[in-house]
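The values are calculated or read from the model by the stated rules, or taken from the named source; none is laboratory data. None of these values were measured; they are calculated from a predicted model. A quick note on method: Cβ atoms are made from the backbone with ideal geometry, for glycine too, and the neighbour counts reach across all protein chains shown. All accessible areas refer to the heavy atoms of the entire protein, side chains included, with ligands and DNA or RNA removed. Shrake-Rupley method; radii C 1.70, N 1.55, O 1.52, S 1.80 Å.
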Amino acid sequence: LLQHHGRARVDIYEKLPVPFGLVRFGVAPDHPEVKNVINTFTQTARSERCAYYGNVTVGRDVTVAELQQAYHAVVLSYGAEDNQVLGIPGENLSGVYSARAFVGWYNGLPENRNLKPDLSCETAVILGHGNVALDIARILLSPLHLLRKTDITDCSLAALACSKVKRVWLVGRRGPLQVAFTIKELREMINLPGTRPVLNPSDFTGLENAVKDVPRPRKRLTELMIKTALERPMEAQVVAAQAAAPREWGLKFQRSPKEVLPTADGTRARGISVALTRLEGSGDSARAIPTGDVEELECGLVLSSIGYRSQPLDPAVPFDSQRGVIPNSAGRVDGVPGLYCSGWVKRGPTGVIITTMNDSFDTAQSVLEDLQVGALDVATSREGFGAVESILRSRGVRPVSFSDWEKIDAAEVARGKAAGKPREKIVDPQEMLRVIGH
């Protein structure tokens, strides 16, 4: 918007005092290169025509209707704050966590800072075959010296140092041709030091023919799984290193979670019962149908990584609770002129950073088109933050500016330096505000 319209001014409202959302709190700490998008965001936020207001919860501190009064256009880009529930007995037992909360815990998301996951068991089961599931498996099994160099939070590093977990099963309802993770994440997992992959050759026999006609990324991904499962490494030292690897992980296919099994005293998880499935259809649209057979997997830790979910933000905004998105066309919110949406709340929680970037460019294009054809009434001036500031003040809310964030950033980097890390995230919002003298 700033690039393509010389007079556009953009204000960004964010619930937390710190910016970057999922890039800060969702990307794995050992993937710093993925966070480079922060540099572009920072350049944009420093533009004279852009302002950042953190520590403001839209829908509570200021309503969407109030924002619409103050601005010509309002874009909702608040992502997917909730997780899909399993909907099975035992999912509330101690030892069962959502991937979202677990990732938030090791990444320093304030609301998950007190999670204290119990890592005293040897076997963990992760339900889901996406990149987030692989991220969690990697964090659980990574040698500590690798994690110590990252921005993983201090308290999760301490917990992982005492962790007894040495085996991780990633369980999915469908087969090898339907996994949602990407080849980079799989390769990283296969090559993780001190850890060996355990893939069942019978899951992959006959798949060489099936992958001939699939798109190239899927083909390469499947071929890597086949190679890992069927071809035993030839070099003696590789065989010896893998045999001596103290930790292991594996993929289990065509198993659907049925029930988390409780310990004798009924308080915590001791395992999970899964229904064996058969596939109907092929490719991405294949459906998992229970066969009637059931299997039990022993584990003391269950992590559910079956997807994220957006929540309605404000009664003034239409919301499709079935699909968990704001109904829209090309980012224009249905039936509400001047209101737009972008990202996961626009099209559902799929894709990586680049997908979401392209999606936001599409929404910006819609805003620019509406400006051009006069669908947005810019004849009357709007006060923007001036109007919102007095609303916030009357409700006792003090926003955090981008230069405030840069003070928090400097404090985190300084704390990290002392520990030999890129940063030590501050996980308590009150402490963030104290750092900037709020």
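For the stretch 1-77, which trypsin sites (Lys or Arg not before Pro) pass both filters: DSSP loop (anything but H, G, I, E, B) and at most 13 other C-beta atoms within 10 Å? Mind showing how you got there, number by number?
Details: sites: ARG7, ARG9, LYS15, ARG24, LYS35, ARG46, ARG49, ARG60; in loops: ARG7, ARG9, LYS15, ARG46, ARG49, ARG60.
Passing both the DSSP loop test and the Cβ count: ARG7, ARG46, ARG60.
Expected output is a single nm value to one decimal: the length gained when fully extending between ASP334 and LEU376, i.e. 0.36 nm times separation in residues minus the C-alpha distance. What is it?
In short, 13.6 nm is gained.
Would you calculate, for the chain, the mean residue ellipticity at 222 nm contributed by helices, counting each DSSP H stretch of 4 or more residues as -39,500 (n - 2.57) and dividing by all residues, to the nearest 500?
Dividing the helical sum by the residues of the chain leaves -9500 deg cm²/dmol.
When a/c is below 1.5 the answer is rounded, else prolate if a/b is larger than b/c, else oblate, so apply that to the stretch 82-308 with a ≥ b ≥ c taken from the square roots of the Cα gyration tensor eigenvalues.
oblate
So what is the accessible area of the chain per residue, in Å², with the probe set to 1.4 Å?
Computed with neighbouring chains in place, this is 49 Å² per residue.
Have a look at GLY21, TRP249, LEU1 and report the one farthest towards the positive end of the charge dipole of the chain, computed about the Cα centre with Cβ charges (Lys/Arg +1, Asp/Glu -1).
TRP249
Roughly speaking, what is the centre-to-centre gap between the stretch 113-185 and the stretch 1-66 when only Cα atoms are used, to the nearest Å?
Each part reduced to its Cα centre gives a spacing of 28 Å.
Measuring from the lowest to the highest alpha carbon on each principal axis, how far does the chain reach, largest first, in angstroms?
72, 51, 47
Summing +1 for each Lys or Arg and -1 for each Asp or Glu, what net charge is found among the other residues whose Cβ lies under 9 Å from the Cβ of ILE88?
Numbers: positive: LYS258; negative: GLU91, GLU259.
For residues surrounding ILE88, the net value is -1.
About its Cα centre, how strong a charge dipole does the stretch 1-146 have in debye, to the nearest 20, once Lys and Arg get +1 and Asp and Glu get -1 at the Cβ?
Details: 12 positive and 14 negative charges, 95 e Å.
Using Cβ point charges on Lys, Arg, Asp and Glu, the stretch 1-146 gives about 460 debye.
Give me the percent of the accessible area of the chain that comes from carbon and sulfur atoms, probe 1.4 Å, all protein chains in place. Intermediate results must be reported in sequence, preceding the final value.
Values: 11090 of 21500 Å².
Ligands and nucleic acids excluded, carbon and sulfur give 52 percent.
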